[in-house]
1. Would you check which residues across the stretch 115-147 are closer than 10 Å to P100 by Cα and surrounded by fewer than 22 Cβ atoms within 10 Å (Cβ to Cβ) and list them?
2. Can you tell me which residue within the stretch 22-46, out of those that are in a loop (DSSP other than H, G, I, E, B) and out of contact with any Gly (no Cβ under 8 Å at 6 or more places or on another chain), is nearest to F200 (Cα to Cα)?
3. Hey, L191 hits all of (1) surrounded by 18 or more Cβ atoms within 10 Å (Cβ to Cβ); (2) out of contact with any strand residue (DSSP E or B) (no Cβ under 6 Å at 6 or more places or on another chain); (3) closer than 30 Å to W33 by Cβ but one; which does it fall short on?
4. If I ask for residues that are buried (at least 18 other Cβ atoms within 10 Å of the Cβ) and closer than 20 Å to L135 by Cβ, which ones from the stretch 199-223 would you list?
5. Kindly indicate the residue of the stretch 157-174 that is more than 16 Å from P226 (Cα to Cα) and either aliphatic (A, V, I, L, M) or not in a strand (DSSP E or B) (or both) and also farthest from the chain's Cα centre (by Cα) among those meeting that condition.
6. Mind checking which residues of the stretch 175-200 are touching a residue at least 40 places away in the same chain (Cβ under 8 Å), under 26 Å from E48 (Cα atoms) and either of a type in the set (S, T, Y) or assigned to a helix (DSSP H, G or I) (or both)?
Amino acid sequence: MPAVKTAFFNRDACLIAQQLLGKIIRRKYRGHWLAARIIETEAYYLDEKASHASLGYTEKRKALFMPAGTIYMYYARGKDSLNVSCKGKGNAVLIKSAYPFADHSIHGSSLQATIKIMQQLNPAASGGPRPIGNLCKGQTLLCQSLDLKVKEWDQKQFDENNFFIDDVNIKPVKIIQTTRLGIPTGRDEHLPYRFIDYGFARYCTSNPLTRRNMVENTHYTISPPPH
């Protein structure tokens, strides 16, 4: 299956955030290919206050100002988080959540093997196996389950031999659009730049369909994916 090319990211961040839903993250770990289907993303822009780039250029944020398709990784509460730069300096998409995946491509491993390795990389707090649906439920859990590290991948390009995003022609039937998570008051927390694959909403970081006081067409919308 074709890897997503750099040109894919050289477009508007909100469009990319939606079109990444259904794409497959592939990561080679000790000779095994792990894979996870992207189910939740967030878009960020230079000119809005929630973005890291809005705080200005620093060496730590350099990837946000590099060409579209550059990997930007940072520490969220001390743990790794995965983003990709998009068209326009400072614009990016955060890959928020995913779900373990396996197929019969040349990069595929069995789902059982994928899950076993992910559970070893990212055990539950008790030390036992983390439930399948929680392995990549959130940006830092995703990175831990796929062994993605800031020190290894920040400011780098995707590498088809080790880590890349694949297009296997999977698209969500419907997309939920809502506000991003963890944005402080007064930092454009109202912007609806979070996108969720409707069919996997229960595995996203926070499901707007089941949260109390969340009303469709007020706090979130549901629509077909963009073409």
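What follows is calculated from the coordinates using simple rules that are stated; it is not laboratory data. Everything numeric in this text was worked out from a predicted model, so none of it was measured. In this analysis, Cβ positions are derived from the backbone assuming ideal geometry, glycine residues included, and neighbour counts consider all displayed protein chains.
1. I115, I132, G133, N134 - these are the residues of the stretch 115-147 that are closer than 10 Å to P100 by Cα and surrounded by fewer than 22 Cβ atoms within 10 Å (Cβ to Cβ).
2. Per the criteria, the residue is G22.
3. Failing condition for L191: (3).
4. Answer for the stretch 199-223, where residues must be buried (at least 18 other Cβ atoms within 10 Å of the Cβ) and closer than 20 Å to L135 by Cβ: F200, A201, Y203, C204, T205, S206.
5. Selected residue: N161.
6. T178, T179, Y193
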